[in-house]
Amino acid sequence: MKAVVLAGGKGSRLRPYTALIPKPLMPIGDRTIVEILLRQLARAGVTEVVMCIGHQAALIEAVLGDGSRYGLRITYQREETPLGTVGPLRLVEAALPERFLVMNGDILCDLDFAALHGAGEASGAPLTVAVCERASKIDLGVLDLDPAGRVVGFREKPTFTFWVSMGIYAMSRSVLRFIPEGRPFGFDDLMHALLAAGEPVATLPFRGHWLDIGRSDDFADAQDEFERNRQRYLPE
């Protein structure tokens with residue numbers, strides 16, 4: 001299996017830490033977040049990883065090297081200008097097999113990556129999204145209105161549950177034709193393009209542990225979660 005790790009962002013929401021350290025190299029316990037991810041990928045059967053990098057690219061290359069210490073072969077693709085969350089895939093198009101994994105480089109989770117790859121193959125869809133449920137509480141009274149503006153229902157500080165993208169995907173090469181060359185293109189743009197074209201988008205529901213360390217509160221939670229449950233993420 002082959003995976004593309006998207007690690008080109010500036011990590012603006014984690015400043016001031018990311019002024020000196022690129023987000024994929026932020027420490028979780030005694031490891032970096034991307035090292036945990038790379039070791040998980042190797043354990044799942046991934047043999048090659050393409051790192052799409054931009055901000056502080058030289059430092060990421062120097063720390064990760066050729067990937068042999070993680071049981072992988074790592075190659076690098078630098079973004080000369082930011083291309084968004086899926087735009088970099090066009091830069092590495094020639095290196096991609098028919099089916100491959102794509103993920104953000106700042107995620108702590110215990111997803112079975114081999115199962116996601118298999119789900120992508122089984123679905124036949126150009127895109128399979130790993131999804132999990134997230135609850136969002138509204139700290140206000142919510143009114144339900146009819147077309148005339150009359151109140152027909154009321155909920156005090158309700159909680160809504162949504163299926164959200166985990167930033168981890170199984171893709172086929174057919175998805176690349178929806179991604180333009182040379183300009184920023186995000187996952188949201190790709191979703192809209194696929195749905196507008198009537199292309200199927202599959203999901204793999206996940207009920208394990210998942211944190212995106214892009215926000216400072218999630219970064220703190222990830223530290224605590226890793227220390228409590230290290231064996232879940234890096235079994236000996």
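The values are calculated or read from the model by the stated rules, or taken from the named source; none is laboratory data. Predicted model only: the values in this text are computed from it and were never measured. Neighbour counts run over all protein chains shown; Cβ positions are idealised from the backbone, glycine included. Quick note on the areas: whole protein, heavy atoms, side chains included, nothing else; ligands and nucleic acids left out. Shrake-Rupley method; radii C 1.70, N 1.55, O 1.52, S 1.80 Å.
When we screen L89, L25 for residues that are in contact with a Ser or Thr (Cβ under 8 Å, 6 or more places away or on another chain) and either surrounded by 17 or more Cβ atoms within 10 Å (Cβ to Cβ) or in contact (Cβ under 8 Å) with a residue 12 or more places away in the chain (or both), the only hit is L25. Within segment 62-72, being at negative phi and open to solvent by 50 Å² or more (accessible area, probe 1.4 Å) holds for A62, V63, D66, S68, R69.
The criterion of at least 3 residues that are in contact (Cβ under 8 Å) with a residue 40 or more places away in the chain and of a type outside the set (A, V, I, L, M) is met, among strands (runs of 3 or more DSSP E) falling completely within segment 126-236, by 127-137, 159-172.
Whether a residue is open to solvent by less than 10 Å² (accessible area, probe 1.4 Å), at pLDDT 95 or above and under 20 Å from L116 (Cβ atoms) was assessed, and V50 passes this test.
A single entry from T75, T81 fulfils the requirement of being at pLDDT 95 or above, hydroxyl-bearing (S, T, Y) and surrounded by fewer than 18 Cβ atoms within 10 Å (Cβ to Cβ): T75. Could you look through segment 176-234, keep only residues that are of a type in the set (S, T, N, Q), open to solvent by 60 Å² or more (accessible area, probe 1.4 Å) and under 19 Å from the mean Cα position of the chain (by Cα), and pick out the one that is nearest to A119 (Cα to Cα)? It comes out as T203.
The residues in segment 97-128 that are open to solvent by less than 10 Å² (accessible area, probe 1.4 Å) and modelled with pLDDT of 95 or more can be counted, and the count is 11.
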